[in-house]
Every structure is written in C-alpha cells, then in structure tokens.
Amino acid sequence: MLDVKDAVVRYGAITALHGISFNVEQGEIVALLGANGAGKSTTLRMLSGLHAPASGQILFEGEDVTRTKAHEFSKLGISHVPEGRRIFPQMSVEENLEMGAFNRRGSTSDDRDHMYETFPILKERRKQLGANLSGGEQQMLAIARALMARPRLLLLDEPSMGLAPMIVETIFGIIGEIRTAGTTVLVVEQNASQALRLADRGYVMENGRIVFGDLAKNLLHDERVRAVYLGESVES
Amino acid sequence: MGAFGHYLLAHLDTLKHEFWALFVGGVANGLLYGMIAVGYTLVYGVLRLINFAHSEIFMAGGFAGYFVMKALVGASAPSAFASVGLIVLGIVAGGVAGAVMAALLERVAYRTLRRRNAPRLAYLISAIGASYFLFNLAGKEFGHIAVSTPQPYINHAVFHIFGAPVLMYYIIILIAGVIMFIALDRLVAKTRLGRGIRAVAQDAETASLMGVNIDRTIAITFIVGGALGGAAGFLFAMGTGVVYTMGFVPALKAFTAAVLGGIGNLRGAMIGGLILGVFEGLCVVFVQAAYIDVVAFGILVLVLLVRPTGILGERLGRSA
Ligand SMILES: Nc1ncnc2c1ncn2[C@@H]1O[C@H](COP(=O)(O)OP(=O)(O)OP(=O)(O)O)[C@@H](O)[C@H]1O
Ligand SMILES: [Mg+2]
C-alpha cells in the first residue's frame, strides 16, 4: 500500500532522514519506534506532504506522491494525526470534526454520528471549544477528526503522549478497532511495549535511519529493542 | 470658579446641544472605519502581519466608484430608483477594485516573501513600498488635486432624532455597513470558506492536513477584506471626494480601530470602528477640528501602551 524508497529529508543544513526505506501493507498496523529526535515525526510529516523529501520516492497505492502537497493528501486517502494532537483550540468539537471532512462532498453527518458512537465523550462535549478538552479527549477528537476524511491509511504520531495509562488502553483499543474496520495504520510511539503488542510489524529508527524492522512479536523479544526501548518494565 | 471651569461648562453645554448630530456623524464614520478595519484584522488573523498597504485598497475602491459615478451620474437629479441602482453599482465597483488590488498585493508584495520565509521586517518594507508606489501612481495618473464625486442621490435630511437631522448619506452608510458586517460575520462563522480561514488562523499546518489549501485561503482572505475596504472607499468618496492620498488617514484610523477592538478579532474591529468614530465625533466639541486626528492616534498609542490586545482580545479563530 505504502512504499518509501531511500527518502532523504533535510531541515536546512540538518539532515533529519538519511535515506529511509520501508513499506506498509494493506490492513496492517505498523509501529515506528525510536528515541527522541530519531526522525519518527519527520517520517510522518514527509508522508503527508508537510516536508517534501530532498530525494527518494514515496508510492501510495502505486501512485507517486513524492511531490504531492499537504492539502491534497486527505483526498488521496491518507490522514495524519499530528504530534501534540493539534486540535483547533477556538473551534467546537463539532467544528473540529467538520474540519476533518473539509474536502468531502455531500453530507458528513452520518460519519459524525458514527464518531459520536465510537467516542461518546465527544458527543457530550460537542459544543465545547477544543481548548477546553482534556488531553485524552483531545486525542480522541484528533483521531475522530482524521477519520472523518475516511482515510485508507491513518498516520498516528504518539497517540499515548502525556495520557494516563487507562486512557492509553482505551486509545490503543480504538486503534485496533480502526484496523478491524479496514483502515491501515502507521503509528509512531515511544511507548514501545504497548505499540508492539498492538502492531503486526515494527521498525526501529535511530538518528534518521531505520536500523531494523521485523514482526512485532519478534521485536518484543529482541534484545536490542528490550535493552533500549522496553527497559526493565516490560513483562513478556 | 476658574477659567477652566467656565471653558468646560461652556463646552459641555455645546455637547448637550450638538450631541445627537455629532453622534450620528460619528456612527457613520465609525462604520467606515470598521469596514476598513476588518481588512487589517482578517489579514492579521491568517498571516500575523499588518497589511500596511491596505490604505491603497481603500483608495482604489474610492477611485473606481468615483469613475463609475462620473460616467453615469447625469446633470439632473436622479430618481429614487436610479439612486439606489447607482449607489449599489458604486459599492460593487469599489468592492471589486478593492478586491483586485488586495489580490495583487498578496501576490506581489506578500506571497513572494512567504515563499522565501522572509523575516517580518521584509513584509513591512514590502507593504510600505507597495503603498508608496500605488498612491504616487494614482497621483500621477489621476492628478494631485482632490475632486468631489458626482452625487448619485440628494443628500436631504431623512428624519430627525432629538432634533438632529439624519442625512441620506448616513443612512446609506448605515445600511451598507450593517449588511456587509452581517454578511462577513456569517461567512466566517458558518461557511466552509470561513471555517478554512479560521483554521488557517488558528493552526495553518494542521489546516493543511485537513485539506485546506493555505495559499488559496490566504488569497481569499485578502480579497474578502479588500472588498469591504474598497466598498468603504467608495462610500467615503461620495462624501469627501477622491485624491491620491485619500487612503492614508482613514486607514490609519481603521488600524487604530482594529487594535482598539483587538487585532485579529472581527467583531472587535467593527466595534472598535464605532467607538473610535463616535468618540472622535464628540471630541470636536472640546478640541479644534484640526486636532481630531491627534486624538485618534493618541488613542492608538494609549491602547498599545495599556492594553495591546484591545477590548475583545486577539483571535480571528473564533466564530463569534
Ligand atoms: N523544524 C525543524 N527544523 C530543524 N530541525 C528539526 C525540525 N524538526 C525536527 N528537526 C530535527 O530533526 C530530527 C528528527 O526530529 P523528529 O521530530 O522527526 O524526531 P522524533 O523521532 O519525532 O522525536 P520525538 O520522539 O521527540 O518526537 C531531530 O534531530 C530534530 O532536532
Ligand atoms: Mg516526534
């Protein structure tokens, strides 16, 4: 479904991605792991057109999207839930959802109702401003907003960041449901053990490179991953 | 009682007698300031920049309306029906000229800089340069002497409030202003286009992830603000006439109004315009007319010192 080949991304003189290659297949959940500054967010930002690669190629469903602009990706079928959630603070929950469907023609009220079923708390809060939601509510809204575009590929950047363990459980449960409903998921996480239990496959990034990738269950037991990302806290 | 007491009493007496007449004139001026001010606020909302060439958008609207009136207004007084038609035509001409000028400015003076991630100062210089170029060009093409606009209607007193006459000119501004404010408010609050503008104002990058074309949205924002500024230019030209420097003072006052109401806040710009217009109108009693502009800019300095976020605070993002 998604094929990235030798992608290089630079911020001015800094090279953030030194030619990364990976792929995501239809129906998978793929986790992208790595320490702070490894280049995970940059990878997702490249995949939704926020930073065009200096070289390399990105294919989505066989189509070359290397130079596609950010605002065109939602129409193509890729939605990006950005790091830090980035809810529109002065829009209501309902308006935030409508923003997710910005480029869709026709009525989107069925989708909205569906989101309210999946995330009942959002229905309760639908008239509230985005700024007044809790972190967990904002994360749910960010995911629901991205789903309003009916993506075939969902990019999630650290959905568990700053959330209480119980809420993280809920969010990861919902990510599983999203995949079951037919949307492919590429998720960036620092919470490696959680992510790997959910994912089918994973890639590990270091200093702007993908250093290895494997089935998630293998990575969970991989010494290198356990040492660096799972620490002592993981029970397996 | 000292001399100052007498001075104050005498002037308060004048204020009592003239209040309603000054008030009505102040409201009309205030509406014009508000119509220009929303242009500053809209552009500030999406770019976080003051468009210091907005005065020339106003001027373009004034001249466009003037030329339409010059071509169409005959020697004899027009019928009521013809008056309405001519005024609407003038407003449309001013609005279109303002919108075109705003679109050009965005393309030439702003977008080129945005492409290069230029520092803020570059935009300021670019806007002031564009402004100088445009009003000097207008001076060269249309002459340096102020001319009055052929009147498409008879400016009689339509009715009186508390004995003060309300002129047709004020009624026209009131109707046009209220319609434009309501339309703009609804556009930004309720339409897809308005949501796009607010999304860019709140978080441009995330807006683009939602599918909002940022370049297009910024251009449209200039155009919408330019249309109102241009229409205001025509309304102003009907009362005061046109000259190549006509934009400078009204636009600076409208900027004051926008800051007063909270730059970036649409309703604030409208309210700030009204407050400034009325305040300035009433001040005529206390200070010589020649000093009125000093009062307006005194307010600007005061607001910037005391409450730089204005009365309603800074946010275009809000629907309200
Ligand atoms: N706008 C930017 N300008 C310059 N350098 C940047 C910019 N954004 C990121 N970088 C650099 O690029 C590298 C990769 O950053 P990125 O945000 O992709 O990391 P990350 O893996 O998402 O980290 P985190 O876990 O902290 O979110 C880092 O060295 C970072 O400092
Ligand atoms: Mg990151």
Within-13-Å neighbourhood charge of B:P250 [Cβ basis; K, R +1; D, E -1]: -2
Over chain A: helical MRE at 222 nm, DSSP H runs n ≥ 4 each giving -39500 (n - 2.57), nearest 500: -9500 deg cm²/dmol
Karplus-derived HN-Hα couplings along the range A:91-103 (A = 6.51, B = -1.76, C = 1.60, θ = phi - 60°), whole Hz, x at Gly and Pro: 10, 5, 3, 4, 5, 4, 4, 4, 4, x, 9, 3, 9
Degrees between helix B:248-261 axis and first principal axis of chain B (Cα, 0 to 90, nearest 10): 80 degrees
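Considering every residue in A:96-102, what mean count of other chain Cβ atoms within 10 Å of its Cβ is obtained? Working shown, then result.
Working: counts 3, 0, 4, 12, 3, 3, 10.
Average per residue, whole number: 5.
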Scattering curve values for the range A:108-188, log₁₀ I(q)/I(0), Debye with Cα scatterers, q = 0.12, 0.13, 0.20, 0.23 Å⁻¹: -0.32, -0.38, -0.93, -1.24
In Å², nearest 10: area of B:Y244 left accessible to a 1.4 Å probe: 40 Å²
Nitroxide proxy distance, nm - points 7 Å out along Cα→Cβ at B:K70 and B:V295: 3.4 nm
Gaussian network model of chain B, Cα within-10 Å springs - most flexible of B:L302, B:L47, B:L209: B:L209
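Report the calculated FRET efficiency for B:H160 and B:L302 (r = Cβ-Cβ distance, R0 = 45 Å), to the nearest 0.05.
Details: r = 35 Å, r/R0 = 0.77.
For R0 = 45 Å, the calculated efficiency reads 0.80.
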Helix A:135-147 axis, angle to chain A major axis (alpha carbon atoms, nearest 10°): 90 degrees
Geometric extent, Cα atoms of chain B - Rg, Dmax (angstrom): 20.1, 70
Förster radius 30 Å - calculated FRET efficiency between B:F81 and B:E141 (Cβ-Cβ, nearest 0.05): 0.35
For the range B:200-277 and the range B:278-301, distance of Cα centres in Å: 22 Å
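Measure off, as a whole percent, the carbon and sulfur share of the 1.4 Å-probe accessible area of the protein assembly as shown, all protein chains present. Provide the component values of the computation, followed by the final result.
Working: 14780 of 24400 Å².
The computed percentage sits at 61.
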Nearest 10 degrees, 0 to 90: helix B:54-72 Cα axis against chain B principal axis: 60 degrees
Selected from A:G84, A:G37, A:G12 as most flexible by GNM, with chain A as the system and alpha-carbon contacts under 10 Å: A:G12
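Tell me, Kirkwood radius of chain A from alpha-carbon pair distances, in Å? Intermediate results must be reported in sequence, preceding the final value.
Numbers: mean 1/r = 0.0553 Å⁻¹.
The Cα-based Kirkwood calculation yields 18.1 Å.
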Pairs beyond 26 Å (Cα-Cα), from A:K40/B:K190; A:K40/A:K123; B:K70/B:K253; A:K5/A:K75: A:K40/B:K190; A:K40/A:K123; B:K70/B:K253
Peptide ranges B:165-175, B:56-66, B:22-32 listed from the most packed, as the mean C-beta count within 10 angstrom indicates: B:56-66, B:22-32, B:165-175
Label-to-label distance, nm, for residues given as A:T170 and A:A13 (7 Å Cα→Cβ offset): 4.7 nm
Chain B, helix-only ellipticity at 222 nm - DSSP H runs n ≥ 4, -39,500 (n - 2.57), divided by all residues, nearest 500: -25000 deg cm²/dmol
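Over chain A, what is the mean sequence separation of C-alpha contacts under 8 Å (at least six apart), divided by residue count, expressed as relative contact order in percent? Don't jump to the answer; show the numbers that get you there.
Working: 440 pairs, mean separation 62.8, N = 236.
Taking the mean separation of contacting Cα pairs over the length of chain A, I get 27 percent.
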Cβ crowding within 10 Å averaged over residues, with A:162-169, B:74-81, B:278-285 ranked highest first: B:278-285, A:162-169, B:74-81
B:D13-A:D64 pseudo-label distance in nm [points 7 Å out on the Cα-to-Cβ vector]: 8.7 nm
The protein assembly as shown pair-distance distribution - Cα-Cα, 10 Å bins, rounded %: 4, 16, 22, 19, 15, 11, 7, 4, 1, 0
Relative contact order %, chain B, counting alpha carbon pairs below 8 Å whose residues are six or more apart: 36 percent
Förster radius 22 Å - calculated FRET efficiency between A:F212 and A:D6 (Cβ-Cβ, nearest 0.05): 0.85
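The values are calculated or read from the model by the stated rules, or taken from the named source; none is laboratory data. Everything quoted here is computed from the prediction, not taken from an experiment. As a convention, Cβ positions derive from the backbone with ideal geometry for all residues, glycine included, and neighbour counts pool all protein chains shown. Note: accessible area is taken over every heavy atom of the protein model, side chains too, but ligands, DNA and RNA are not part of it. Shrake-Rupley method; radii C 1.70, N 1.55, O 1.52, S 1.80 Å.
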